[in-house]
Amino acid sequence: MRGIIAAGNLRSGERLPSVRRLSRARRLSVSTVLQALHQLEDGGLVEARPQSGSFVRHPVARRAQPDSRSTPETPVAVDVSQRLMRALQAGVAAGVAPLAAALPAPGLLPLASLQRLYAGVVRRHPQLLAGGSHINMDEAALVRQLLLRSVSWAGPLAASEFVITNSCTEALALCLRAVTSPGDTVAVESPAYYLMLQLLETLGLKALEIPTDPSRGLSVEALDLATRDSRVAACLLVANASNPLLWIGFVASGRYRSQIALLKTTSSGATHPVTQLVLAEYLESGPCERHLRSLRRAYQRQVDAMRAAVVRYFPAATRITEPQGGFVLWVELPEEIDCSARYEQAIAAGVAYVPGELFSASGMYRNCLRLNCGNPHTPEIDDAVRRLGGLLGR
């Protein structure tokens with residue numbers, strides 16, 4: 001099927017045969033056909049439409065992707081927090097199009113399901129409303145769900161390795177505190193997620209930026225050279241969608257289990273047991289997987305629409321990433337365009353973005369920016385991208 005679509009034998013928007021028809025024609029089980037369609041969907045070739053079937057996706061607008069850049073060979077102190085907070089606060093002001101902070105639209109989240117689960121957990125365990133323990137305690141039900149999922153990771157992991165945290169950001173902070181001391185150097189991707197840089201700044205750590213290509217990923221050769229030197233105390237890397245801001249997280253702590261658990265206890269106490277039980281029940285339920293598939297489709301549509309708008313409205317030499325997940329776009333403009341210098345003008349025009357220099361400890365990427373695609377691409381969003389493109393192209 002992938003070959004047929006790639007060869008152009010099926011037109012964009014054309015409906016594929018039904019699952020049962022494909023099952024009969026190919027003498028395959030329905031589950032095998034569904035798995036194949038899911039793989040085509042994940043690869044961006046097919047779009048599933050509720051109550052309608054599967055359709056060949058329309059080709060997305062494309063531009064060249066940004067190239068990786070040479071990075072400083074020496075570690076640098078991080079100083080992004082003040083500029084970052086100013087940018088994010090301006091981006092949530094009334095009347096400003098929400099293209100800065102990477103947050104999904106509330107309508108994409110399973111809020112009704114979570115509300116029902118919260119009500120059920122509280123009804124069955126009213127004693128938990130008294131509050132969590134000051135001692136870090138991990139709920140066995142949640143650990144079990146994580147164990148089941150770890151089978152498909154590099155693991156499986158052992159139950160004793162897990163430390164449940166209040167967010168993914170807290171998990172990263174605990175790991176860094178366990179293996180570094182103020183003044184140490186940490187290797188990071190470049191560009192790096194700005195909250196990771198903020199973590200390094202808060203902990204008094206230096207950043208050694210490693211070149212990263214949007215298609216091939218981090219330069220393993222550069223990382224190898226960097227880590228041969230004992231000055232690198234830790235590596236802070238993200239293997240997939242780079243925005244770890246979930247409402248609950250965990251650490252696979254290995255031999256650092258006792259140290260990380262103690263740090264968690266002294267910094268924030270236990271992650272509330274109600275939250276842990278709700279997440280465990282949600283992960284165990286069938287609707288969780290269905291919601292994730294629906295969410296991936298929505299993000300893909302929104303990213304495609306945003307990319308098409310950037311192609312229409314931004315300068316012709318603009319480069320754009322083609323992410324395989326998540327809901328943000330990294331945009332590289334011609335070298336002479338300073339996105340940091342034009343940020344205040346954009347806010348005045350009612351459009352927010354995150355300037356690229358906030359993704360670098362050394363202040364690189366001033367001609368780059370990041371756009372949030374977490375909201376449906378409405379005419380209002382499209383008009384905001386048009387205004388932004390016009391402002392940057394002057």
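Things worth noting here:
- The chain: antiparallel DSSP beta bridges as a percent of all, rounded to 5: 65 percent
- Sites ILE4 and GLU336 - FRET efficiency at Förster radius 56 Å, r taken between beta-carbons, to 0.05: 0.80
- Residue by residue, segment 101-112 carries 3J(HN,Hα) couplings of 4, 7, 10, x, 4, x, x, 8, 9, x, 5, 5 Hz when phi is fed to the Karplus relation 6.51 cos²θ - 1.76 cosθ + 1.60 (θ = phi - 60°); x denotes Gly or Pro.
- Taken about its Cα centre, segment 2-56 carries a charge dipole of about 360 debye when Lys and Arg each add +1 at the Cβ and Asp and Glu each add -1 at the Cβ.
- Just so you know, the averaged projected area of the alpha carbon convex hull for segment 77-225 sits at 13.4 nm².
- Residues whose amide H comes within less than 5 Å of that of THR165, counting only those at least five positions distant or on another chain, are GLY249, PHE250, VAL251 (H built at 1.01 Å from N in the peptide plane).
- Added length on full extension, which subtracts the Cα-Cα distance from 0.36 nm per residue, GLU73 to SER167: 30.6 nm
- Calculated FRET efficiency for the pair LEU88/GLU380, C-beta based, R₀ 25 Å, to 0.05: 0.75
- By the count of neighbouring beta-carbon atoms within 10 Å, fewest first, TRP153, TRP330 end up ordered TRP153, TRP330.
- Summarising the label geometry, the points placed 7 Å from Cα in the beta-carbon direction at ARG255 and ARG124 lie 3.9 nm from one another.
- For segment 8-166, alpha-carbon Rg and Dmax in angstrom: 23.9, 62
- Relative contact order computed over segment 86-180 (Cα-Cα under 8 Å; 6+ residues apart), in percent: 13 percent
- Under a model in which nothing but the beta-carbon of Lys, Arg (+1) and Asp, Glu (-1) is charged, the chain shows a dipole of about 1680 debye around its Cα centre.
- Once C-alpha pairs closer than 8 Å and six or more residues apart are averaged by separation and normalised to the residue number of segment 2-56, the relative contact order reads 43 percent.
- Amide H contacts for ASP213 (H built 1.01 Å from N in the peptide plane; partners 5 or more residues away or on another chain; cut-off under 5 Å): LEU218, SER219.
- Rounded to whole Å, sorted largest first: equivalent-ellipsoid semi-axes of segment 147-209, Cα gyration tensor: 26, 14, 11
- Between segment 29-101 and segment 169-186, the alpha-carbon center distance in angstrom: 27 Å
- Of the peptides 280-291, 253-264, the order by per-residue mean of other Cβ atoms within 10 Å, starting with the highest, comes out as 253-264, 280-291.
- For segment 340-345, 3J(HN,Hα) per residue [Karplus equation, 6.51 cos²θ - 1.76 cosθ + 1.60, θ = phi - 60°, Hz, x = Gly/Pro]: 5, 5, 9, 5, 4, 5
- Pairwise label distance in nanometres, GLU322 with GLU344, each label 7 Å out on the Cα-Cβ vector: 3.9 nm
- With contacts taken as Cα pairs under 8 Å and at least 6 residues apart, segment 108-286 reaches a relative contact order of 40 percent.
- Cα lying deepest toward the dipole's positive end in segment 2-56, options VAL56, VAL30, GLY43, charges on Cβ: VAL30
- Protection proxy ranking of 208-221, 185-198, 162-175, by the mean of other Cβ atoms within 10 Å over each peptide's residues and highest first, is 185-198, 162-175, 208-221.
- Listed candidates [x] 51; [y] 58; [z] 47 - label of the one calculated as percent of Cα pairs over 27 Å apart: [y]
- Using a Förster distance of 45 Å, the FRET efficiency for ALA154-VAL30 (Cβ separation, nearest 0.05): 0.90
- Only Lys, Arg, Asp and Glu carry charge here, each on its Cβ (+1 for the first two, -1 for the last two); on that basis segment 108-286 has a dipole of about 520 debye about its Cα centre.
- Listed residue (ALA159, PRO315, LEU199) projecting farthest to the positive dipole end of the chain, Cβ model: ALA159
- When the convex hull of its Cα atoms is viewed from all sides, segment 2-56 shows a mean projected area of 3.6 nm².
Where a number appears in this text, it was derived from the coordinates with a stated rule and is not lab data. All values derive from a computational prediction rather than experimental measurement. Glycine also receives a Cβ, built like all others from the backbone with ideal geometry; neighbour counts cover every protein chain displayed.
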